[in-house]
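Novice: Sending over a structure as structure tokens; questions will come in a sec.
The values are calculated or read from the model by the stated rules, or taken from the named source; none is laboratory data. Values in this document were obtained by computation on a predicted structure and should not be read as measured data. No Cβ is skipped: glycine too gets one built from the backbone with ideal geometry, and neighbour counts run over all protein chains shown. Heavy atoms of the whole protein, side chains included, go into the accessibility calculation; ligands, DNA and RNA do not. Shrake-Rupley method; radii C 1.70, N 1.55, O 1.52, S 1.80 Å.
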Amino acid sequence: MKTPLYHHHLQLNGRMVEFAGWEMPVQYSGVVAEHLAVRQRAGLFDVSHMGEFSFAGPQALALLQYLTTNDVARLAPGQAHYSLILNEQGGIVDDIIVYRQGPEQFLMVVNAGNLEKDWHWVLAHNTNHADVVNRSRETALLALQGPAAAAILQPLTEISLADLRRFHCAEAHIGSVAVTIARTGYTGSPGFELFCRSADAGTLWQTLLEVGGAHGLMPCGLAARDTLRVEMAYPLHGHEITDKTTPFETRLDWVVKMEKGDFFGREALLKQRAAGINRTLVGLQMVDPGIPRDGYTVLVGGKPIGFVTSGTMSPLLKKGIALAMMGIQHSAVGTKVSVDIRGKERQAEIVATPFVTPAT
Amino acid sequence: MQIPEDLRYTKEHEWVRVEGKIATVGITDYAQDQLGDVVYVELPEEGEGMSKGDTAGVVESVKAVSDVYAPLSGEVTEINVALKESPETINTDCYGEAWMMKVELSNLDEVDELLTPTQYAAFVAEESE
């Protein structure tokens, strides 16, 4: 599948790869340059491959409360939150963002790789017939991220971005294009996510690149998106979080609101909490040279006690960093560990995350 | 893509410059382009012996890990230590500053088995189809 910006990516010499069934740009000029652009100036990502489901009507809130772990009732119109969809065992079906656009109007953004699964999940559990529509194909999503994002975007829109707080969204225009501007993103740097109709994506993309050029804006691919999120220790479904890991094992307790009432997976979580949690996600930073990669074994005293779920060379720290799933007794910050990097034990240390503190 | 006329090549995308019994080895322009930003390099030890086809080093980009294979048999006489500090040189000067190792050859006949520039160009064209 191709996003509405496919030809724009080719024009910019984007290196295209297959990702979750989509042909997406993995990089344009280079991962490190794109990563640093987002940390120091601004970057523009096409994330139109992600899915958008709308929920509306009197049953919408109840359905979302049942399907997701965070407390949707706490969201005021124009507000959003990070949340999870769990299965019966408390495993994470997907991590999502829920936007409340009106009293009875919501938008759920899901991962591209889980789009079909999530949609079937929503339909299967929509027993009270909330008004749900899969808007993924008609919706494009651009992420403008970096300390210069507001300076680039403000002259283009009528709303005051200074008044748009983190995890809030507003309806607006960029020129003639109707957009929903959300102060959200997956990079850790300040920025916005812009929803528009697929037909308008090219105009929006072009406008942002033209205006952003003076601010050092660069088009960025999926590779930089990944290194940026690893530096922030943000989880990625299929890596840190999966259908078999629970929020308590992945440090996502903060998006699970047990007190809100019943939701899918709640019983399993209660049981797990009573039984005790025996593994957890940690941040690792290499002491020795080398880059820890997904799947590498983590050892303490020569004994395997965990594995890397995502790893990279941090373009900002210029050191190997990783997220790893570890036995809970070895998860304290400061613990000396080693990583088996192609047969050689390399020294690393458990560190606090995020790995970096981006400029604002 | 550059394929200098005075070098020989392998199907694993190493280049070799043979001067007497000494071979200088690096990775090709095609290889560095495929890898993207190179951020880490592992080299053999000086004095290490190697047989053709052995893993002689590792080149890692942000997203990929790639082994470097010994294109010829012999003993490592020198490694490019500067690469450890600035692996990104591989992206900017793969045939020059970013040479990886020098090997004293133990079997000069193996040189004839390496690809000529024309053969390598044809191989890359086929592989990138």
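Novice: How many residues are under 16 Å from the mean Cα position of the chain (by Cα) and closer than 23 Å to A:ARG197 by Cβ if we restrict to the stretch A:19-42?
Specialist: 2
Novice: Quick one: which strands (runs of 3 or more DSSP E) sit completely within the stretch A:152-222 and have at least 1 residues that are within 16 Å of A:GLU34 (Cα to Cα) and of a type outside the set (Val, Ile, Thr)?
Specialist: A:191-197, A:217-220
So that you can scan it fast, the table gives a plain yes or no per residue for (1) assigned to a loop (DSSP other than H, G, I, E, B); (2) open to solvent by less than 60 Å² (accessible area, probe 1.4 Å):
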{"site": "A:LEU269", "(1), (2)": "no, yes"}
{"site": "A:THR280", "(1), (2)": "no, yes"}
{"site": "A:ASP288", "(1), (2)": "yes, yes"}
{"site": "A:GLN329", "(1), (2)": "no, no"}
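Novice: Pick from the stretch A:21-55 the residues that are surrounded by 20 or more Cβ atoms within 10 Å (Cβ to Cβ), out of contact with any Asp or Glu (no Cβ under 7 Å at 6 or more places or on another chain) and small (Gly, Ala, Ser): which of them is nearest to A:ALA151 (Cα to Cα)?
Specialist: It comes out as A:ALA42.
Novice: Across the stretch A:290-303, what is the total count of residues that are outside any loop (DSSP other than H, G, I, E, B) and free of Cβ contacts under 8 Å to residues at least 24 places away in the same chain? Spell out how you get there, then give the answer.
Specialist: Of the stretch A:290-303, the ones outside any loop (DSSP other than H, G, I, E, B) are A:297-300, A:303.
Remaining after also requiring free of Cβ contacts under 8 Å to residues at least 24 places away in the same chain: A:303.
Number satisfying all stated conditions: 1.
Novice: Of the residues that make up the stretch A:88-110, is at least one touching a residue at least 40 places away in the same chain (Cβ under 8 Å), surrounded by fewer than 22 Cβ atoms within 10 Å (Cβ to Cβ), in a loop (DSSP other than H, G, I, E, B) and in contact with a Leu (Cβ under 8 Å, 6 or more places away or on another chain)?
Specialist: Within the stretch A:88-110, one or more residues are touching a residue at least 40 places away in the same chain (Cβ under 8 Å), surrounded by fewer than 22 Cβ atoms within 10 Å (Cβ to Cβ), in a loop (DSSP other than H, G, I, E, B) and in contact with a Leu (Cβ under 8 Å, 6 or more places away or on another chain).
Novice: Take the residues of the stretch A:22-56 that are among the hydrophobic types (A, V, I, L, M, F, W, C) and not in a strand (DSSP E or B): which is farthest from the other protein chains (Cβ to nearest Cβ)?
Specialist: A:MET50
Novice: Sticking with this one: Scan (1) under 21 Å from B:VAL124 (Cβ atoms); (2) in contact (Cβ under 8 Å) with a residue 60 or more places away in the chain; (3) in contact with a strand residue (DSSP E or B) (Cβ under 6 Å, 6 or more places away or on another chain); (4) more than 14 Å from chain A (Cβ to nearest Cβ) for the single condition B:GLU14 breaks and write down its number.
Specialist: (2)
Novice: Could you grab me the full set of residues in the stretch A:276-317 that are among the basic types (Lys, Arg) and within 23 Å of the chain's Cα centre (by Cα)?
Specialist: If we filter the stretch A:276-317 for residues that are among the basic types (Lys, Arg), which is where we start, we get A:279, A:293, A:303.
Residues satisfying the conditions are A:ARG279, A:ARG293.
Novice: Follow-up question, since we're still on this one. Return only the number of the condition from (1) within 14 Å of another protein chain (Cβ to nearest Cβ); (2) of a type in the set (A, V, I, L, M); (3) without any contact (Cβ under 8 Å) to a residue 60 or more places away in the chain; (4) not in a strand (DSSP E or B) that B:VAL59 does not satisfy.
Specialist: Only one criterion is unmet by B:VAL59, namely (4).
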